[in-house]
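One structure is given here, and the rest of the page talks about it.
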Amino acid sequence: MATAIKVENLSKIYRLGEIGTGTISRDIERFVKTKILKQEDPFLKIGETNNRTEKGSSDIVYSLKDINFDIEQGSAVGIIGRNGAGKSTLLKILSRVTSPTTGRINIKGRVASLLEVGTGFHPELTGRENIYLNGAILGMRKREIDQKFDEIVDFSGVERYIDTPVKRYSSGMYVRLAFAVAAHLESEILIVDEVLAVGDAEFQKKCLGKMGEVSKTGGRTVLFVSHNLASIKTLCSQGIYMKNGMIESVGNVNEVLSHYKRSSQGIFELDGFTELAKRINRCASEGTVAGHVRFTSIKFMDSDFEENVVFTKDAEILMEIKYEVFEDVENLGIVIRFESADTFEVVTSNFFIISKRVLQKGKVGKCLVRFNDIPFQTGDYLPYMATCNLDLVPYDLIDRLIINVPIIEVQKKIEGFAKHIEISSILEIC
């Protein structure tokens, strides 16, 4: 299949503070080396990666650094990463809003982009006039726009205001019309930033359906930036994970999302015993007896008691949990539930009673839990765990420990909490 976008050694730098090297002699040196001798800019070598959370020693930062990737025609590619990772900068360069500092880009076809609310719209022009303006910018003839006009207006849902200047539109109306124009006019590449988040849930669903349609049936290439991982997974087949201006992972969307979720949530690999004492996202809510009993490690195993974090549908999941008592407690239970990493819907929730007697300070315990026939769907799942008393008042909470569960057969999932379903059991208590 033909390549729609090819990016080679792409970098974009910005200078913090005032623009210039500081002296006229250095400015002249820079001009001679870069413009006349066509050499590398000597001042780029002192640039730092763009980590917005840390104070750097250089005034020059790389918004993008050494980016390389190919996108095939007709692909739907999701670009993910934290705020400040360089996603929007990359899309602006691909849309020719700004130029790269170094590197080259080859784009085959016309590009329609929606990067901000009202991208490409003139506020004094009406919605009707802006549709024709955008089409003209994309190189379309008036006859072509006429053929698509009614479809665009119907999709946007702003027919009543189509002859009103867009400066009087709400942000949601702006996005509705802008996306309708970008998606329906005949461009080969569609670039959409997080701007769709401005729309309501019904319109977001409508947009995702349209992007899937133009990619799968229209043969158009779609680049989609979003923090909604469920939307990325549904729409896209390929993914690009960016971090501090560089590409951290590229490839199959499920693998890229898994990499991103592990990295962004501060989760380390579950090989051997997890040192839970080092986790920063453990907590207990206000008014609880936090810290009386704490998890010290967990381990996932298969039915042969071999460590594993990847399970098929029919496989048993064994979970070895160790805990330590820091203050005397009367009665102890453990709550375990699994949530979808994409939608955060509860798949199963179980409460186990470990002890109905007083556990003294310094007690170290271990229990082994077996899970059978949990109706997982394909994807990543997050175990939520809590030690608590019999009234479910928590002592310790551990949230979002990821295990990968690729399921070979899809079953109907259990909605809500499933405390009374006999699918789990305590095998061992020490």
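Positive contributions from Lys and Arg (+1) and negative ones from Asp and Glu (-1), summed over other residues with Cβ under 11 Å from the Cβ of Gly218, come out at 0. Surface analysis of region 81-181 yields an accessible area of 52 Å² per residue, using protein heavy atoms and a 1.4 Å probe. Site pair Lys361 and Thr234 shows an inter-label distance of 5.2 nm when each label is modelled 7 Å from Cα along Cα→Cβ. Glu202 accessible area, nearest 10 Å², 1.4 Å probe? Using a 1.4 Å probe on the heavy atoms, I get roughly 110 Å². On region 106-232, 48 percent of the accessible area sits on carbon and sulfur atoms, based on a 1.4 Å probe. The modelled label-to-label distance between Glu194 and His227, using points 7 Å beyond Cα along the C-beta direction, is 0.4 nm.
Between Glu307 and Arg160, the contour length at 0.36 nm per residue exceeds the Cα-Cα span by 46.8 nm. Using the Cβ-Cβ distance between Asp146 and Ala315 with R0 = 45 Å, the FRET efficiency computed as 1/(1 + (r/R0)^6) comes to roughly 0.15.
Between Leu390 and Ser170, full extension at 0.36 nm per residue minus the direct alpha carbon distance yields a gain of 74.1 nm. Summary of packing: across the peptides 133-142, 246-255, the per-residue average of other C-beta atoms within 10 Å ranks them, highest first, as 246-255, 133-142.
With the highest mean first, a sort of the peptides 87-93, 4-10 on other beta-carbon atoms found within 10 angstrom per residue produces 87-93, 4-10.
By definition, a body whose alpha carbon gyration tensor gives a ≥ b ≥ c is oblate when a/c is 1.5 or more and a/b is not larger than b/c, and region 77-123 fits this oblate description. Each other residue within a Cβ distance under 11 Å of Ala2 adds +1 if Lys or Arg and -1 if Asp or Glu, for a net charge of -1.
The packing ranking of peptides 331-338, 222-229, highest mean first, is 222-229, 331-338, where packing means the average number of other beta carbon atoms within 10 angstrom of each residue.
Summarising the label geometry, the points placed 7 Å from Cα in the beta-carbon direction at Asp27 and Glu213 lie 5.4 nm from one another.
The values are calculated or read from the model by the stated rules, or taken from the named source; none is laboratory data. Note that the coordinates shown come from a computational prediction; the quantities given were computed from them, not determined experimentally. Here the Cβ is made from the backbone with ideal geometry for all residues, glycine too, and neighbour counts use every protein chain on show. Just the protein is used for accessible areas: all its heavy atoms, side chains included, with ligands, DNA and RNA removed. Shrake-Rupley method; radii C 1.70, N 1.55, O 1.52, S 1.80 Å.
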